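Okay, structure first, notes after.
The values are calculated or read from the model by the stated rules, or taken from the named source; none is laboratory data. Small disclaimer: the values here were computed from a predicted structure and weren't measured. With ideal geometry, Cβ positions are generated from the backbone for all residues, glycine too; neighbour counts draw on all protein chains shown. Calculation scope for accessible area: heavy atoms of the full protein, side chains included, ligands and nucleic acids excluded. Shrake-Rupley method; radii C 1.70, N 1.55, O 1.52, S 1.80 Å.
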Amino acid sequence: MEIKDAKKMFLEIYGGDDKNLRFFASPGRVNLIGEHTDYNGGFVFPAALSMRTLIVVRKRDDNIINLAATDLPDRVTLDIDNLESYKHLKWGDYQAAVAYTLQQAGFDIVGCDMLFDDTTPHGAGLSSSAAIEVATALAFATFSNEKNGITGPVDMVYMAKLGQKAENEYIGVNCGIMDQFASAMGREGHAIYLDCKDLSYELVPLNMKGCKIVISNTNKKRSLQTSKYNERRSQCEEALANLQTVMPDKEFLGVITPEEFEANKHVIKNDVARKRAAHVIYECDRVHKSTEALKNSDLVTFGKLMIDSHNSLRDLYEVTGEELDTLVEEALKIDGVIGSRMTGAGFGGCTVSIVKEEAVDTFIEKVGKAYKERIGYDATFYVSETGDGGREIKL
Ligand code: GLA
């Protein structure tokens, strides 16, 4: 919804006038390449989207946080002195998680009325939860700083870290840092080449040369995703522990080169763990190569690396599934498709494809039709625009 409509809805819900309203926003992300590498101290290459969470917020004089959303009937009230007790909420738990995590980190959480408006589709692997976390963290940190006379901009990398901590410890999803970092630090027209071991990064201009980034949503209902995700993490830890018996200085799979891996992979005892590690190590190599390709405006090489990435996620990491594989297979049949792969955690969610502008309509029509025929229900398509990271919007 547009900001002016969200503002109107806020006043309908909470009353009063629009004098002291503030607006905070943070985007979803699409990862171009570098999947399941972040929690292995490796490299990722996400871009922030124009799809975002917007929060309309007004401070209160008491210890109450009221939550509402533009697309949900639920209304939730949180008590600032009791923030650890909202884990059971169906909606509002992410906001409580962030408020609690900031409070534990020493921020002075201020009571407020909040209205959330998300344009990032939920459960689609485009980081709608990171968008909520980072926007919420920014709002609370801004109020806390103002109350305590702390001036200057909020540290957005810190907000990303606290968002991840909230998700890991309060929500119980053991995610890496990519989604929150992309949401906090993205910039319109750029992707972020991020080294997850130390969070050093570079913003790389997305020079798309007449191509569009098309996101295709499988619309698959995801189940058991968290447990499968956590299982992959522990398989990587097992592979690393084996490799460390011969390479004790390697702290993460993401710092091991393909050559080092090939020379030492025999020490990984479990076949499955060896496959997982191979994916992570070659995927990091692909991130370096594709970043270079993009800098050289070489979209053809970029596209090939995307296809290799998908195949590796299908065959070695085993996180794609029929729906994602179908979308990629059908995409690659269309003239004008430069590359296509799953994006995000997998097991459903979305693919990302680089498509020549003049082929986008055909892509959506043909891939949509073939997907419906093969899978039985519709996919959804978004011709994506990039956007800025977490920010306060001053009207
Ligand atoms: C999810 C997690 C990220 C990352 C991706 C896979 O989006 O939240 O931290 O691990 O999956 O690359």
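Can you tell me how the range 208-384 classifies by the Cα gyration tensor, rounded, prolate or oblate, using a/c under 1.5 as the rounded cut?
Working: a/c = 2.99, a/b = 1.59, b/c = 1.88.
It is oblate, given that a/c is not under 1.5 and a/b is not larger than b/c.
Where in the chain are the DSSP H helices whose C-alpha atoms run 27 Å or more along the long axis and whose mean Kyte hydropathy is at least 0.5?
Span-like helices here: 128-147.
Around V44, what is the net charge, scoring Lys/Arg as +1 and Asp/Glu as -1 over all other residues with Cβ under 10 Å from its Cβ? It would help to have the intermediate numbers written out before the result.
Numbers: positive: R29; negative: E35, D38, D179, D195, E283.
Its environment carries a net charge of -4.
Among the lysines, select those whose C-alpha is under 30 Å from the C-alpha of K197, and discard any that sit fewer than 8 residues away in the same chain.
Output for K197: K87, K161, K165, K228, K250, K265, K269, K275, K289, K295, K304.
In whole percent, and with a 1.4 Å probe on the protein chains, what portion of the accessible area of the range 3-204 is carbon and sulfur?
The computed percentage sits at 46.
How much of the pair distance distribution for the chain lies past 26 Å, counting alpha-carbon pairs only, in percent?
Result: 53 percent of Cα pairs exceed 26 Å.
With a cut-off of 8 Å between alpha carbons and a minimum separation of six or more residues, what is the relative contact order of the range 208-384 in percent?
Relative contact order comes out at 33 percent.
Once you have the Cα-Cα distance between K372 and A263, take 0.36 nm times their residue separation minus that, and quote the gain in nm to one decimal.
34.7 nm
Leaving out ligands and nucleic acids, and using a 1.4 Å probe, what accessible area per residue does the chain come to in Å²?
Working: 16260 Å² over 395 residues.
Averaged over the residues of the chain, the accessible area is 41 Å².
Ranked by accessible surface with a 1.4 Å probe, highest first, in what order do V300, V30, V173 come?
Values: V300 85, V30 0, V173 35 Å².
Heavy-atom accessible area, descending, gives V300, V173, V30.
Mind jotting down the distance between the C-alpha centroids of the range 325-358 and the range 80-136, whole Å?
The distance from the Cα centre of the range 80-136 to that of the range 325-358 comes to 32 Å.
At R0 = 35 Å, how high is the FRET efficiency between E188 and N296 if r is their beta carbon distance? Nearest 0.05 is fine.
With R0 = 35 Å, the Cβ-Cβ based efficiency is 0.95.
Once the whole set of protein chains is in place, how much accessible area is left on M1, using a 1.4 Å probe, in Å² to the nearest 10?
For M1, solvent-accessible area is about 80 Å².
Kindly state, to the nearest 0.05, the FRET efficiency for L89 paired with E146, given R0 = 35 Å and r defined as their beta-carbon distance. Please report the intermediate quantities before stating the final value.
Values: r = 27 Å, r/R0 = 0.78.
With R0 = 35 Å, the Cβ-Cβ based efficiency is 0.80.
Got the relative contact order for the chain handy, in percent, Cα pairs under 8 Å and 6 or more residues apart?
After rounding, I find 24 percent.
What ranking do 259-272, 279-292 get when scored by the average of other Cβ atoms within 10 Å per residue, highest first?
Packing order, densest peptide first, comes out as 279-292, 259-272.
What does the charge count around G163 come to, taking other residues whose C-beta lies under 14 Å from its C-beta (Lys +1, Arg +1, Asp -1, Glu -1)? Before the final figure, lay out each step's value.
Details: positive: R29, K161, K165; negative: D38, D93, E133, D155, E167, E169, D179.
Neighbourhood net charge equals -4.
In percent, what relative contact order does the range 147-234 have, based on Cα pairs under 8 Å that are 6 or more apart in sequence?
With pairs under 8 Å counted, the relative contact order is 19 percent.
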